Structure formats: C-alpha cells, structure tokens
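Worksheet for the structure shown next.
The values are calculated or read from the model by the stated rules, or taken from the named source; none is laboratory data. Keep in mind the model is a prediction, meaning the values are calculated, not measured. FYI the Cβ positions are ideal-geometry reconstructions off the backbone, even for glycines, and counts take in every protein chain you see.
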Amino acid sequence: MPGSLLAPGTLAHRRRDAKPHRRQRAGLLATLALLLAGCATNELAARGPGDHPPRRTVLLVSIDGFRADYLDRGLTPTLSALAAGGARAVAMRPAFPSITFPNHTTLVTGLDPDHHGVISNRMEDPADPSHRFEIDDARAVHEPFWWQEATPIWVTAARQGVRSAIEFWPGSTTPNHGILPAASSEYDGHAAYATRVDTVLHWLDAPDDGTRPGLLALYFEGVDSAGHRDGPDSSGVNDAIRRVDAALGRLVEGLRARGLLDRIDIVVVSDHGMEAVPRGQVIRLDQMLGSSSADILTDGPIADIRPREGREAKVARILLAPHAHMQCWRRQDIPKRLDFGSNPRVLPFFCLAGSGWVIAERPSQLEDSDGGAHGYDIADPEMAALFLAHGPDFRPASVLPEFPNVDVYALLAALLGIRPEPSQGETRVFDPALTDAALTSH
C-alpha cells in the first residue's frame, strides 16, 4: 500500500488468514536454548557488536484488563491527553482466548495463540507431558520450551542491533532462542507503580550512544485484579483506573523533564476487557462429568478437558449436548472464526461459557458473590481492549476503527525500523493516524 510504514509485500503486510509454518519443537531446541541462556545478557550497560542508536524509541505500556470503554469514564486525564495528542482506536479486538498470557504474547509476536503456542495461562504439551505450565509457577514460566514457537519483538530487535528493556512483560525474563532483553525485571505484583515507572525512566537515562534501549515495555495489573474481584462497573475498578492513570502521569512528567516526551512513541494497550459475572452464574463442570471421568485443566469462561481412558464416549455425550450457557466442541471442531484448536497444546475437548457465566471445576467464589471475568468470545464487546498511541509519528486527535491486536507487532516493528518476523498482522490500519513524515521515512 503506497505510503504505508512497510512497503507492500513485506512480512507485516501478510494476510491475516495466512498462517506461518509451525516451528519444530524438538527437545534439542529447548536444550540448546537453555545452554545459550547463560550467554544472554540481562544488563543494560553491556554492549554487543553491532549495537547502534535506534531510529526511534518506542515505549509499549500494557494495562491488564483495561476495557476500551474505560477511557470514556472521565477518570483518566493522562490517558485522555495522550489520546487527544495522538491516536486511539474505538476498540482493539483481542486474540482468542481473551486472557492474559496468550494476548500479551500475541501483542509482541503478531501471532494468535494457536500459532505462538502460549494458548492459555495454564497448559500442557504432548511433547513433554511430565509437567505443566502455570503462570504462578516460576519454574515453569522460566522454561524456554513453552515460549519458543514464536519470536518476541525484543529478540528480533536484538538481532538487528536494537536494545530492549522490559518491565514485567510475560515471557521477557525467559531466554527465547538464547536471547534475553538487554534489561528486564522479574515480575513482582507487589512492586509499587512508582517504582516501575522510575525503573523505565532510569533505563532511559542511559547515554544516547547505543546504550539506551530503543524498545521499552511496562506492565500494570491492578485494573484487571479489581475487575475480577469487584466487577467492571465497581468503585474498585474506578479506583484502579485512577491509580494507573496517576502512574502514567508520573511517567509523562518524567519523560517531559528529560526532554524525551516528544521524541518517544508511546503505545498503550490492554490485553482484553472485562465482563460482569453476577453471583451464582457458575456452571459446575465437575458435577456434570463426575470426578473420575475427565481432567479439567483450565476453567473460567473457557475450559480445556481431557477425558480419562475409557471415558471419552461419556464425556463427549455430556459436553457436546446443548447447554443453556455453554457450548463445547471437540478440539478440531472449534469455530474457525476463533482461530483456535490446531495447536496440540489444546486438549481434546474445549468449552466456552456464554457472556456473564463461568465454568468451574470446583466450588467458586462467584457462586456467592459478584465479580468479573474475561476469556469470552472475542466478538463480545465487553472483551474489547484499549489502544492509544502518542509521539512524533502520530497525528493528534486520530481515531481508528476496531482492529485485531495481531497488528500491534507490525506497528512496533515499523516504528523501530526493524524487519519483522512472519506474522498475521499488518500496518495499513494505522496509516490514517501516522504523520506524513512517518509514512515516508520508514
């Protein structure tokens, strides 16, 4: 497309339905990555051959669980000012399933979960059935095996001489193909927002001689936590929104004081929205199937189920029957529009709850209290995510139509001036929001 950040025919302009080849996940690859991990630097001060000052500095910020319409509540002076001075989308459509680790991986790889392999916050792999991935298990999270079906943007950037510094992004402290960001922090959910912001500002204080990172990322979880606990329409969520906006205000003032605010492209996203779940709207899958018929790996708005030996017919009969607030499929029959089910990490049966309902494998607090959840059908407007961008490459007061979050990776690569990996995203959706200089210089 003439004038776009990346010329026609480049990888980021692939059709969204074009699927990249799956990488082979032989044991040798995981072993090699672990051996190389010791060679990967995690210190910003260390410089490698070929490092050079990046064309632009790009700061990617994630506000977990920030639904697109939260921006219209009048609680976010900093975010609203960034949007007014740059671009925002009516909504950004998450990848399916609309949960945290899969979508954070999509944002930095340009691939949906079925193709980058991080299909859930909890998962198994038939290539290594001896252990599970769970987001609260630090040992599992640090195993390269789970992450290496795709290449995150900080790895691609490092290979092309652009340094990265990442604060709490999922997967960023695990070597991927033997490479870590130049600087990164182990996730600490108790870390004060001010501390996180000051860490990023400290990284930007590095000399602009190739040592300063070209790509930075920052993560906040409080809005999501409040949404789960209190529901999206609660005072708790509103307080969490105010708190994260104040942290971003600290960030903006820190950038302004350093003379960097107008030199950095800031891209603010969320991974998904949040749906209200009234008390009692719980589907007890364990009671339907019985405790001896199947293993239920995940629950919530989605459920991954593996029948036990000799029980597949019973499980199929129960799950595939019509249900008032849930639909289940065999893995191969999941609707194509969800682009999910071909990855072998998806278990044989998969269930999706209707809006405002959750599936549980054991007694749930939502049986007795209101709350919130995400993971629902990506066509559900309550799952819509936030996108806004501000900086020298963006036109003020630009409003973009809804687009899928696989496109964010392509945009980041273009802003950084690096060659992207094959992806399902494209950049043309952003063209109306880009300055003439941005359209012609990249």
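Taking the conditions exactly as written (assigned by TED's automatic domain parsing to the domain that holds residue 393, surrounded by fewer than 21 Cβ atoms within 10 Å (Cβ to Cβ), at pLDDT below 95 and hydrophobic (A, V, I, L, M, F, W, C)), does residue 90 satisfy them or not? Steps first, please.
Numbers: assigned by TED's automatic domain parsing to the domain that holds residue 393: yes; surrounded by fewer than 21 Cβ atoms within 10 Å (Cβ to Cβ): yes; at pLDDT below 95: no; hydrophobic (A, V, I, L, M, F, W, C): yes.
Spelling it out, it is not the case that residue 90 is assigned by TED's automatic domain parsing to the domain that holds residue 393, surrounded by fewer than 21 Cβ atoms within 10 Å (Cβ to Cβ), at pLDDT below 95 and hydrophobic (A, V, I, L, M, F, W, C).
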Q.
Being part of a loop (DSSP other than H, G, I, E, B), aliphatic (A, V, I, L, M), touching a helix residue (DSSP H, G or I) at 6+ places or on another chain (Cβ under 8 Å) and closer than 26 Å to residue 85 by Cβ is true for just one of 248, 201, 261. Which residue is that?
A. 261
Q. Taking residue 388, is it in the same structural domain as residue 264 (by TED's automatic domain parsing), hydrophobic (A, V, I, L, M, F, W, C) and in a helix (DSSP H, G or I)?
A. no
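Taking residue 181, is it within 25 Å of residue 425 (Cβ to Cβ) and surrounded by fewer than 24 Cβ atoms within 10 Å (Cβ to Cβ)? Outline the logic, then answer.
Numbers: within 25 Å of residue 425 (Cβ to Cβ): yes; surrounded by fewer than 24 Cβ atoms within 10 Å (Cβ to Cβ): no.
Here the answer is no, as residue 181 does not meet what is asked.
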(Q) Taking the criterion of being at pLDDT 95 or above, under 21 Å from the mean Cα position of the chain (by Cα), among the acidic types (Asp, Glu) and part of a loop (DSSP other than H, G, I, E, B), would at least one residue in segment 57-65 satisfy it? (A) yes
Q: Consider residue 265 carefully, then state whether it is surrounded by 18 or more Cβ atoms within 10 Å (Cβ to Cβ), charged (D, E, K, R) and more than 29 Å from residue 346 (Cα to Cα).
A: yes
Q: Being assigned to a loop (DSSP other than H, G, I, E, B) and among the small types (Gly, Ala, Ser) is the filter; apply it to segment 112-139 and report the residue that is modelled with the lowest pLDDT.
A: 130
(Q) For segment 321-332, give me each residue that is exposed (fewer than 15 other Cβ atoms within 10 Å of the Cβ) and hydrophobic (A, V, I, L, M, F, W, C). (A) 321, 324
(Q) For a quick check of your reading of the model, give me the residue pairs whose first member lies in segment 308-325 and is assigned by TED's automatic domain parsing to the domain that holds residue 289, whose second is part of a loop (DSSP other than H, G, I, E, B) and exposed (fewer than 13 other Cβ atoms within 10 Å of the Cβ), with beta-carbon atoms closer than 7 Å and at least 6 apart or on different chains. (A) 308/292
